[in-house]
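Bear in mind that the values in this text are calculations on the coordinates, not laboratory data. Everything quoted here is computed from the prediction, not taken from an experiment. Backbone-built Cβ (ideal geometry, glycine too); neighbour counts: all protein chains shown.
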Amino acid sequence: MPLQKSVIEKIEKLRKEINEHDYRYYVLAEPVISDAEYDKLMTTLEELEKQYPELITPDSPTQRVSGEPTKKFPTVTHSVPMLSLSNSYTEEEVREFDRRVKSLLTDQSYKYVCELKFDGIAVSLKYIDGILKVGATRGDGTQGDNITNNLKTIRSIPLKLDTNNKALLDIEVRGEVFMKKDDFIRMNEEREVDGEKLFVNPRNSSAGTLKLQDPKIVAERPLNFYTYFLKAEKADLKNHSDCLKTLKQLKFPVNEFSRLCNNIDEVIEFWKEWQDKREALPYDIDGVVVKVDSLRQQDLLGAIAKSPRWAFAYKFTSRKAETKLNDIKLQVGRIGTITPVANLQPVFIGGTTVSRASLYNEDYIQELDIRIGDSVIVEKGGDVIPKVTEVIKEKRPANAKIFSFPSKCPECSSKIYRPESEVNYYCENTECPAQVKGRIMHWASRGAMDISGLGEAVVDRLVESKFIKNVADLYSLHTQKEKLAAIERWGEKSVQNLLDGIEVSKQKPYHRVLFALGIRHVGMGGAQILSTSYPSIKKLLSANKDELQNTYEIGPKIAESIERYFAEKHNINLINRLQAAGLNFEAEKLEGLPLSGKIFVLTGTLSSMAREEAKEKIEKLGGKVASSVSKNVNYLVVGADAGSKLEKAKKIGVEIIEEDEFLGMIKIT
């Protein structure tokens, strides 16, 4: 029997009312009904949906806390990388940024938008047909975790867009999840009463909450959200300031303290204003974000490495406090780097209790004449990382002790060394327990081999139980399955999950394996460059230092590090064992493929496929996809509603192809 029209209309009316009240309460902070009246509306809707479950939709207010706990968050690839901002700390650095913008934009006039930089967690929200479909963390900028159900619990985030504008139904919104100071304090007070462990600071508790696997628990935490980015390819948006206005119209929470500045002097004035006023805010900020306002000019400026040329973070002066340095301990990193760490009399700085701080290296200790027992000034660099910056010598006690670096590693007693022209000491023993654990953790990390089930606690247990001494040992653990299952608090299922994760890692491509080896100075980008220039480990091994440093974007320091790594016999033995275990030490052959060596840029909306799908097809045929137009690009593929990339391509002479021609190139019928 068909549902009565009145029931459907009543449910829709209730949803609309509740969404409006959520907006007034969580975004505007201007509620117009009492909590009891709100609860009554929600209860009525829940009862109707229970009676007519076929009418429940994902965007219903009742579905904010839904879904079963998940064991692992799926991975999301960002359609446009979530770039990290470069940091500036001085007025001179800010003016230098402005000089670069001016030189790149030649005779064009430009403006800046200044926004407060929230001390929270960056996330992305994707809406399709006006409905929130995917919410993800920033991750490494290219890929993040799909935490949609957790983000749905934040009531200031709309589940359905309130607009009739078709150009604004398919959009991406980015912003920051954070906790207010009072909410954080109240939450910790409640945890203390319940005998639970207290959180360190609002940012860490926000990050930890978003990683929780049960949205019902997430919903109990006081998370807030501010948005600062809108990508709407079908909309005619010219400036970032227009995007912020549009986000407000769509009922997203947009911070009220942004400002359009006509020049860099006004930017500096804005920073100074909030440097003085930040403590009065109900949430933590650690600086000001500065962006070129024009979206066309942003596109022209492009990006370098992982940071845009059109934006930067102007950080506030570090918070500092005086305390006593009780001792200096040495910490051994995964590649043997030995770092001195100050053990401090605990002191409260900028919302957190600091008891340890970096001393960087031997030279730093000597330059500041830091001694055990000194009274010192501790700062939180960028308001995050604690460091000792000054010694109060007039308060130095008579028994203050000069610290000297030992000749042996504090973890394994092996000899330590300091290379010429470097400031750090290193432990020579790659089987040093501290290095073993660090190297295996790096090997198993998401950007490297991404081994499920191989977390820090598991690595500690495997190393301490002498099951593994290096990463190659992981691939013979299957021969010790029964012994592993016999370890206390471990069962057959846990062991099998670990072994399955190790087996899956064998499928990772060559460049991921290179990165996972942990060669000093070779990051993910460097590993990708090396895998292209030297498409097999055999070719890389045969390259000398001169050849390496003449490779595109591989300088002398990286070349020397690679040569030193491969000169070690135990590293070659490790690689031989990994090859025998079946890992990839050869790049997928792209020679002879139709698009080999060709670079594409995509702009506008393709009717035949999503942009990510087009990117995958290009790469499978040997081509590469760039994010911005330059003289190195071979083709600009133009879809509907093409943006400013089209203008730039015409200006510099890049070949422009329509979608039909592109489909012919990738042989789609």
Problem set entry | Whichever lysines have a C-alpha closer than 19 Å to that of Lys631, once near sequence neighbours (fewer than 8 apart) are set aside | Lys598, Lys645, Lys648, Lys650, Lys651
Seminar exercise, completed: Listed with the fewest Cβ neighbours within 10 Å leading, Ser60, Ser86 appear as Ser86, Ser60
Problem set entry | Virtual spin-label span in nm between Lys481 and Ile8, 7 Å along Cα→Cβ | 5.5 nm
Exercise. What does the charge count near Ala232 come to, summing +1 for each Lys or Arg and -1 for each Asp or Glu among other residues with Cβ under 13 Å from its Cβ?
Worked result: +1
Problem set entry | Equivalent ellipsoid dimensions for the range 482-603 as semi-axes, Å, which come from the Cα gyration tensor, largest first | 32, 20, 13
Exercise. In straight Cα distance, which aspartates and glutamates are under 19 Å from Lys483, not counting same-chain residues fewer than 8 positions off?
Worked result: Asp460, Glu464, Asp473, Glu492, Asp500, Glu503
Exercise. Based on the alpha-carbon gyration tensor of the range 369-418 and its eigenvalue square roots a ≥ b ≥ c, which shape applies: rounded if a/c is under 1.5, prolate if not and a/b is larger than b/c, or oblate?
Worked result: oblate
Seminar exercise, completed: Once Lys216 and Ser608 are pulled to full extension, the length gained, defined as 0.36 nm per residue separation minus their Cα-Cα distance, is 137.2 nm
Exercise. Which lysines does Lys277 reach when only Cα atoms under 19 Å apart count, and residues fewer than 8 places away in its own chain are ignored?
Worked result: Lys117, Lys180, Lys181, Lys315, Lys320, Lys380
Exercise. Using only Cα atoms, what Kirkwood radius does the chain have, in angstroms?
Worked result: 28.6 Å
Exercise. Using a simple charge model, +1 on the beta-carbon of Lys and Arg, -1 on the beta-carbon of Asp and Glu, nothing else, what dipole does the range 599-665 show about its Cα centre, in debye to the nearest 20?
Worked result: 400 debye
